């Protein structure tokens, strides 16, 4: 069921033109930059977007312009884990990694412990208004989130078409605190 839903949402996301994706990403980015949890964070984790994802370039540029520590993940395929690295110059310090996603070069970037992260921008394929998250299927981010000793502010940026009524979730799946789209923000409801 998860793989079928992934295919459906990705196919729908892929129908956005580059211009539409750019315009929607700009609206989402302005909402992200206005968040108090982002403004007060000194160490911010993001990710390099690929394919038809929300474009993270504007968000990343702001993190660096504000003098915050930018942390980007590097996928370790064998252990299905993410290693985190501080990046100062994305043009120089990134290289094509797993699945063609640009990742930090370990020879140029310092590894950062997860405990330093105060705000984390988290990718995903689909989300609910209850902040449930469906990733790409590898479990990389669910493992990372479970491993945080002190949970940072976990925020997903997504196009409104990625917000669905229901997701099949298991005990391994981790929610985010906030889903920001071009139209709205959905907060995790505390139970």
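The values are calculated or read from the model by the stated rules, or taken from the named source; none is laboratory data. Everything numeric in this text was worked out from a predicted model, so none of it was measured. Note that we place each Cβ from the backbone using ideal geometry, even for glycine, and neighbour counts take in every protein chain shown.
Just checking, which of 144, 161 is more than 28 Å from residue 78 (Cα to Cα), in contact with a helix residue (DSSP H, G or I) (Cβ under 8 Å, 6 or more places away or on another chain), touching a residue at least 60 places away in the same chain (Cβ under 8 Å) and in a helix (DSSP H, G or I)? Steps first, please.
Numbers: 144 fails: more than 28 Å from residue 78 (Cα to Cα).
Result of the check over 144, 161: 161.
What about residue 46, is it out of contact with any strand residue (DSSP E or B) (no Cβ under 6 Å at 6 or more places or on another chain) and either more than 23 Å from residue 186 (Cβ to Cβ) or crowded, with 19+ Cβ neighbours inside 10 Å (or both)? It would help to see each step written out before you state the result.
Numbers: out of contact with any strand residue (DSSP E or B) (no Cβ under 6 Å at 6 or more places or on another chain): no; either more than 23 Å from residue 186 (Cβ to Cβ) or crowded, with 19+ Cβ neighbours inside 10 Å (or both): yes.
No: the conditions fail for residue 46.
Being part of a loop (DSSP other than H, G, I, E, B), in contact with a helix residue (DSSP H, G or I) (Cβ under 6 Å, 6 or more places away or on another chain), modelled with pLDDT of 90 or more and surrounded by fewer than 21 Cβ atoms within 10 Å (Cβ to Cβ) narrows it down to one residue among 182, 166; which is it?
Working: 166 fails: in contact with a helix residue (DSSP H, G or I) (Cβ under 6 Å, 6 or more places away or on another chain).
After applying the criteria, what remains is 182.
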